[in-house]
1. Suppose we filter segment 43-62 for residues that are modelled with pLDDT of 90 or more and in contact with a strand residue (DSSP E or B) (Cβ under 8 Å, 6 or more places away or on another chain); how many remain?
2. Please find, within segment 280-291, the residue that is nearest to the chain's Cα centre (by Cα) out of those that are surrounded by 24 or more Cβ atoms within 10 Å (Cβ to Cβ) and within 15 Å of ligand 1 (Cβ to nearest atom).
3. Sort out which residues of segment 271-307 are within 14 Å of ligand 2 (Cβ to nearest atom), under 15 Å from Glu236 (Cβ atoms) and out of contact with any Asp or Glu (no Cβ under 9 Å at 6 or more places or on another chain), and write them in order of number.
4. Answer yes or no: is there a residue in segment 86-99 that is under 21 Å from Ser220 (Cα atoms) and part of a loop (DSSP other than H, G, I, E, B).
5. Considering (1) touching a residue at least 40 places away in the same chain (Cβ under 8 Å); (2) open to solvent by less than 30 Å² (accessible area, probe 1.4 Å), say which one Ala332 fails and leave the rest.
6. Does segment 197-215 hold any residues that are buried (at least 21 other Cβ atoms within 10 Å of the Cβ) and out of contact with any Leu (no Cβ under 8 Å at 6 or more places or on another chain), and which are they?
7. Which condition number does Glu152 fail, the rest of (1) open to solvent by less than 40 Å² (accessible area, probe 1.4 Å); (2) more than 23 Å from Ala292 (Cα to Cα); (3) charged (D, E, K, R) being met?
8. Could you identify the single residue in Leu111, Leu66, Leu71 that is in a helix (DSSP H, G or I) and either more than 16 Å from Leu258 (Cβ to Cβ) or away from ligand 2 (no atom under 16 Å from the Cβ) (or both)?
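The values are calculated or read from the model by the stated rules, or taken from the named source; none is laboratory data. Everything numeric in this text was worked out from a predicted model, so none of it was measured. Every residue, glycine as well, gets a Cβ built from its backbone with ideal geometry; the counts of neighbours run over all protein chains shown. Ligands, DNA and RNA are stripped out before the accessible areas are found, and what is left, the full protein with its side chains, is counted by its heavy atoms. Shrake-Rupley method; radii C 1.70, N 1.55, O 1.52, S 1.80 Å.
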Amino acid sequence: MIIVMKTGASLKEVSAVLKQIETHGFKPHVSKGEETTVIGVIGDERKIDQANFATLPGVDRVIPVLKPYKLASRDFRKKDTVVAVGEVSVGGGTFTVMAGPCAVESAEQTLECARKVKKAGALVLRGGAFKPRTSPYAFQGLGREGLEILAEARKETGLPVITEVMTVEDVPLVAEFADILQIGARNSQNFNLLDAVGRQEKPVLLKRGLSGTIEELLLSAEYILSRGNPNVILCERGIRTFEKATRNTLDIAAVPVLKKLSHLPVVIDPSHATGVRDYVAPLARAAAAVGADGVLIEVHPHPEKALCDGPQSLTPDMLEALMHELRAVTKAVGLHLPKC
Ligand code: PEP
Ligand code: MN
């Protein structure tokens, strides 16, 4: 349930409500707006009587949350969440382009790519050091060395980096190097991993599972939020359908649906959604048109030599051309595309 405090409720009144929640064995989550404070009460609501709270001093109203996710819900927070990554923001009317190779393959490849995506206008560098590969014989990433290369690229270009973490044990290591931790589609419902990234402070980009529903995605986000990390970015990266012309099927409707149900920022990954370079730009433009908060795009300086996902990687020149198109689309729909 959600307790909305009256405008101008005193600190003392808020503290009394928090104390009462804790006395009942529940965990309060406080969201302070400009005018009102909203308190989420997390736990099995059947065990709590709402009437006990409605009459407390300073309480305006008590709203039951019927959805299975609470902290991720628009009911809990009306305003869009903006995730700050250093000086870059994800959400709140900005369209953020994150770009880079599927995998960190070498220092030369990553640095060349980082310089070029920065020149094109990307604000965040992507690159996998730990790669979830379908085949155990495929390139699995450089691990720690890959993280060190990403840190070098950040140092040179100033771009914050996003990279995937695949296991609970690797969370401290990846969090030491990354600015955003990525939870991949295959781990979208790895609840132990969600728990671990929820207990650390770096922002998390959470991908939708291969066959995950929107509700499942929001429940996965709820794991992270309920463990204390409010900085979650949702990512639609295509889902499995009967269609074989593209690697996955981009669920473009997921953006307005998620925006209606949740306050969290939503980005689109048109690269994994399609698996085909030629379709990436049209879907990135669609992402801007539908009101997504950004895109996560694979770019490789020499896609024909890529160790992973070459066929869906844009060249830096293609990214540059796309950025011009995105400028027009974002302008048309009232989104801000920052200049780098
Ligand atoms: C990736 O972004 O590198 C990746 C593996 O994507 P996904 O988890 O969406 O397949
Ligand atoms: Mn990839």
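1. Number of matching residues: 7.
2. In this case the residue turns out to be Ala287.
3. If the condition is that a residue be within 14 Å of ligand 2 (Cβ to nearest atom), under 15 Å from Glu236 (Cβ atoms) and out of contact with any Asp or Glu (no Cβ under 9 Å at 6 or more places or on another chain), then Thr274 is the only one that fits.
4. yes
5. All conditions pass for Ala332, except number (2).
6. Selection gives Lys207 alone.
7. The one condition Glu152 does not meet is (1).
8. Leu111
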